[in-house]
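The values are calculated or read from the model by the stated rules, or taken from the named source; none is laboratory data. Being a predicted model, the structure only gives us computed values, none of them experimental. Cβ: placed from backbone, ideal geometry, glycine included. Neighbour counts: every protein chain shown. Remember, those area values only see protein heavy atoms, side chains included, never the ligands or the DNA or RNA. Shrake-Rupley method; radii C 1.70, N 1.55, O 1.52, S 1.80 Å.
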Amino acid sequence: MNEFAMSLPRFSGQEAIDVLPDVADLLFNEASQGLMLTDASARIVRVNKTFCQITGFASEEVIGKTPVLFRSSQHPASFYEEMWQTISKQGCWQGEIWNRRRDHAIYRQWLKITEIKDQSGEVRFYLGMMQDLSEQPTRKSHSFDFIHYDRLTGLGSREMLINRFPQALAQSKATRTKLLILWIDASQLGHINEQYGLTIGDLVVRVQGLRLKKIIDEQDTLVRLYADDFVLLHQSRDACADMLCEAILDVLRQPISLGDKQISCCASIGVACFPHDSDKRETLLNAAEMAVQDAKRRGGNCVAYYNPSDGQASVRRHQILRRLSQALVEDDDALHLFFQPKWSMNSRHLTGIEALIRWRDVELGDISPAEFIPIAEQSDLIIKLDRWVVLQLCKLLPNMRGQSRELPTLSINLSARHLCQPDLCDWLLSCLSAHGVRPCELELEITETALMDNEDKASEILVELKRQGFHIALDDFGSGYSSLSHLKNMPLDTVKIDRSLIQDLTCNNKACSIVKNLTAMVADLSLNLVVEGVETIEQHELLRQLGCQQSQGYLYARPMPMQELLALLAYPAWHFSTKRE
């Protein structure tokens, strides 16, 4: 094993997939210790069979992700900071660590991490070698405390939950009471870690754990599973947990003061119930987890009860993720672009074209963007999707230029996750340069959600994109949360009014007043205004009278494939009459 590890640096200058010759490749796969190879950014590029046996993860579930996936939350942030400092100074680190398997079980592991450098001395990869110590004898009392109690919060661990669950079920059966399983996502820990750091994140989790402990009954079981996810087992005569959940949400939404920082949290709770939902531990826990995901999709700060149809929805989400990932890799024309024009309401000139992604899968059929884009947005898959759109658009631009003397600005939608990628601007400029496209030919449409997630960082990136020549549009303005400060502070060129504001425009005086004042305000700010979702002649005429300059919607043209767009560019005119027959 050590001979193999020492031989690895000889191949470190090649790509990860080619780094192992035939013999070393065999040693890697068949090694008795678990092996994990990451790139210099700690993204996993390869694992062996023993690693999969130890962790329970399949290789395709971990490739491209970081080892944070395996953290048990038993160690404070300082433990990992010291570990990486040692690796940076000495080239390796080894020691005992508590990690998490795929089923969230916590286990003891011996881990050695070694730097792999190229000939110039730059770190190209890290090799992790691991051995499962969970079967080896330890001092009983120390082992029980370590495994059954969470070191960060002092609450129970997943092992305690597993041990207590049969007892709780038996008691509920004997007393004919309900057993409520509450899965609590306490604080949007990912955003807190990103904004304030891991140490502050640990303190927030500790405070939330203490707050929860104060409001539960003594006979309840409260455990911390991982990160900021807690599970509560609560006996009740009533299957409804509204009062208990409201108390939990109330205590968790209280701001946390840490020095000069005031940190606000947004909790979500999912509820499953014995015997209504199941009488099996794993099924009940899965039900509660699906319910909390539903609560998070609703925007958080709320409670969701398990619905059996959620199980079917979960299967559907996994199917979409799997097939969409394949479509991005295989390039088999399953993904394609459609285009929807924007028009001047007075001159009837074509003023812009929005590129929209469409997907027809051989297994799942036509899948609406309204379904697959929100699913992709839950992972880095949305970044790959955004970049696929940009690349395809760059490839199609020469044909568009050939059909139009003055090709209008082309718009693409940029996701919130993609907007905050550090390499976004560099990647866009590199892609455009490779295809002879200028930044001024593209408009980047962002939603207010993208700005809300990390406003300072988003603003900084948008300023740089604007400086490079890109046009910036604020999409879906007026839907959900809308802040006028974004119009004042962000480097915008265009504001797009959401279709929800004009649906009842012709019969709602308040809607007319809102659109009229928005139009005047946007004009005073020297910004362009586009109204989305125009579907009737009456809406068109009223919007024009209210001063709106540009519009987009089914009245003028539905999203169209490339061939129809080329025909439109050759003779750019809308195909309807504003006069009644």
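If you go through segment 72-98 and keep only what is touching a helix residue (DSSP H, G or I) at 6+ places or on another chain (Cβ under 7 Å) and either modelled with pLDDT of 90 or more or among the aromatic types (Phe, Trp, Tyr) (or both), you end up with just Trp93. Here segment 240-260 is the region considered, the condition is being out of contact with any strand residue (DSSP E or B) (no Cβ under 9 Å at 6 or more places or on another chain) and open to solvent by 60 Å² or more (accessible area, probe 1.4 Å), and the residue that is farthest from Gln195 (Cα to Cα) is Met243. Where strands (runs of 3 or more DSSP E) sit wholly within segment 190-304, those with at least 3 residues that are touching a residue at least 40 places away in the same chain (Cβ under 8 Å) and more than 26 Å from Tyr107 (Cβ to Cβ) occupy 229-236, 268-274. Filtering segment 502-514 to residues that are assigned to a loop (DSSP other than H, G, I, E, B) and open to solvent by less than 20 Å² (accessible area, probe 1.4 Å) leaves only Ile502.
Of the residues making up segment 104-141, those that are in contact with a strand residue (DSSP E or B) (Cβ under 7 Å, 6 or more places away or on another chain) and either of a type in the set (Gly, Ala, Ser) or modelled with pLDDT under 75 (or both) are Gly128, Ser134.
Here Cys440 passes the criteria (1) free of Cβ contacts under 8 Å to residues at least 60 places away in the same chain; (2) over 21 Å from Asn399 (Cα atoms) except the one numbered (2).
Applying the set (1) closer than 27 Å to Gln188 by Cβ; (2) outside any helix (DSSP H, G or I) to Lys488 leaves exactly one unmet item: (2).
Inspect all residues belonging to segment 220-238 and state whether any of them is at pLDDT 90 or above and open to solvent by 40 Å² or more (accessible area, probe 1.4 Å). Yes, some residue in segment 220-238 is at pLDDT 90 or above and open to solvent by 40 Å² or more (accessible area, probe 1.4 Å).
Among residues of segment 35-63 that are on the phi > 0 side of the Ramachandran plot and open to solvent by less than 40 Å² (accessible area, probe 1.4 Å), those with a Cβ under 7 angstrom from a residue that is part of a loop (DSSP other than H, G, I, E, B) and modelled with pLDDT under 95, sequence gap 6+ or separate chain, pair up as Ala42/Thr66. If you filter segment 372-403 down to residues that are buried (at least 16 other Cβ atoms within 10 Å of the Cβ) and over 26 Å from Arg317 (Cβ atoms), you find that the one that is nearest to the chain's Cα centre (by Cα) is Leu393.
A single entry from Arg322, Arg360, Arg348 fulfils the requirement of being surrounded by fewer than 20 Cβ atoms within 10 Å (Cβ to Cβ), part of a loop (DSSP other than H, G, I, E, B) and out of contact with any helix residue (DSSP H, G or I) (no Cβ under 9 Å at 6 or more places or on another chain): Arg348. Among residues of segment 454-476 that are under 14 Å from Ser415 (Cβ atoms), those with a Cβ under 6 angstrom from a residue that is open to solvent by 30 Å² or more (accessible area, probe 1.4 Å), sequence gap 6+ or separate chain, pair up as Asp475/Thr447; Asp476/Thr447.
So that you can scan it fast, the table gives a plain yes or no per residue for (1) buried (at least 20 other Cβ atoms within 10 Å of the Cβ); (2) at pLDDT 85 or above; (3) of a type in the set (S, T, N, Q):
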{"residue": "Ser143", "(1), (2), (3)": "no, no, yes"}
{"residue": "Leu161", "(1), (2), (3)": "yes, yes, no"}
{"residue": "Leu179", "(1), (2), (3)": "yes, yes, no"}
{"residue": "Lys214", "(1), (2), (3)": "no, yes, no"}
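For Pro369, state whether it is closer than 26 Å to Ser314 by Cα and open to solvent by less than 40 Å² (accessible area, probe 1.4 Å). When the stated conditions are applied, Pro369 passes them.
Yes or no, residue by residue, for (1) closer than 24 Å to Gly299 by Cα; (2) crowded, with 19+ Cβ neighbours inside 10 Å; (3) in contact with a strand residue (DSSP E or B) (Cβ under 8 Å, 6 or more places away or on another chain); (4) acidic (Asp, Glu):
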position: Arg467; (1), (2), (3), (4): no, no, no, no
position: His471; (1), (2), (3), (4): no, yes, yes, no
position: Leu484; (1), (2), (3), (4): yes, no, no, no
position: Leu487; (1), (2), (3), (4): yes, no, yes, no
position: Asp493; (1), (2), (3), (4): no, no, yes, yes
position: Ser500; (1), (2), (3), (4): yes, no, no, no
position: Lys516; (1), (2), (3), (4): no, no, no, no
position: Ser526; (1), (2), (3), (4): no, no, no, no
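The set of residues in segment 212-269 that are within 16 Å of Gln188 (Cα to Cα) and among the hydroxyl-bearing types (Ser, Thr, Tyr) comprises Tyr226, Ser264, Ser268.
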